[in-house]
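To start, the structure under review is shown below, and the notes come after it.
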Amino acid sequence: MSTIAAGSAGTLDNVRKLLEEGRPKDALDLINRSGQKTKHIQNARGVCLLRSGKHDQAMAIFRDLVFPSGSFSIDPDIPTVFQTNYVTALLMVNNVVIATSILDQIEDKKHPAVLRLRSTIRKWKRGLSLFRRLLLLVGSYPGNPVSLDFPPGDL
């Protein structure tokens, strides 16, 4: 399991406060000024980007956290929150196929972020027409984006 370095903890606390105030750009500026590059700081950077609408940039950060060095499988030591943030970024760019596949691979099935994402995807599916739901059964995902009813990304 990954631990947070002492120097990063203070920065992350300040980032968390700024995000709670709805100030992701200020939080990102704080991260950039800190010069820190830990995995938890990179995760926070991705959350700031998600909340700033820069979904593609956030997705690249989370992909590198979840699949370091181009690996093809998720290491069980990767924090669940990194994985769920990657799933969230994928949903934000409307890549439901990969998002649901990765969500299914997350080991901690009871993690609050996992449960929240599963609930969101269930609601999304219920909102589809019967025809589009039938397409899901054969692996075809409709172009309707999944909308979140919570701020994207977790520290």
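The values are calculated or read from the model by the stated rules, or taken from the named source; none is laboratory data. The structure presented is a predicted model; accordingly, all values stated were derived computationally and were not measured. Heads up, the Cβs are rebuilt from the backbone with ideal geometry, glycines too, and the neighbour counts pull from every protein chain shown.
Note down all Cβ pairs under 8 Å where the first residue falls in region 80-107 and is in contact (Cβ under 8 Å) with a residue 60 or more places away in the chain, the second is outside any helix (DSSP H, G or I) and aliphatic (A, V, I, L, M), and they're at least six residues apart or on different chains.
If the second residue must be outside any helix (DSSP H, G or I) and aliphatic (A, V, I, L, M), the pairs left are Val81/Leu155; Thr84/Ile106; Thr88/Leu148; Met92/Leu148.
Just one of Val87, Val114 is in contact with a Leu (Cβ under 6 Å, 6 or more places away or on another chain), outside any loop (DSSP other than H, G, I, E, B) and either modelled with pLDDT of 95 or more or surrounded by 22 or more Cβ atoms within 10 Å (Cβ to Cβ) (or both); which is it?
Numbers: Val114 fails: in contact with a Leu (Cβ under 6 Å, 6 or more places away or on another chain).
Checking each option against the conditions leaves just Val87.
The rows are residues; the columns are (1) surrounded by 13 or more Cβ atoms within 10 Å (Cβ to Cβ); (2) modelled with pLDDT under 95; (3) charged (D, E, K, R); (4) under 22 Å from Asp56 (Cβ atoms).
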{"site": "Arg118", "(1), (2), (3), (4)": "yes, no, yes, no"}
{"site": "Arg122", "(1), (2), (3), (4)": "no, yes, yes, no"}
{"site": "Arg126", "(1), (2), (3), (4)": "no, yes, yes, no"}
{"site": "Arg132", "(1), (2), (3), (4)": "yes, yes, yes, no"}
{"site": "Pro145", "(1), (2), (3), (4)": "no, yes, no, yes"}
{"site": "Pro152", "(1), (2), (3), (4)": "yes, no, no, yes"}
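Across region 14-60, what is the total count of residues that are over 15 Å from Gly153 (Cα atoms) and not hydroxyl-bearing (Ser, Thr, Tyr)?
First, pick out the residues of region 14-60 that are over 15 Å from Gly153 (Cα atoms): 14, 26, 29-38.
In the following step, the residues that additionally are not hydroxyl-bearing (Ser, Thr, Tyr) were identified as 14, 26, 29-33, 35-37.
The total comes to 10.
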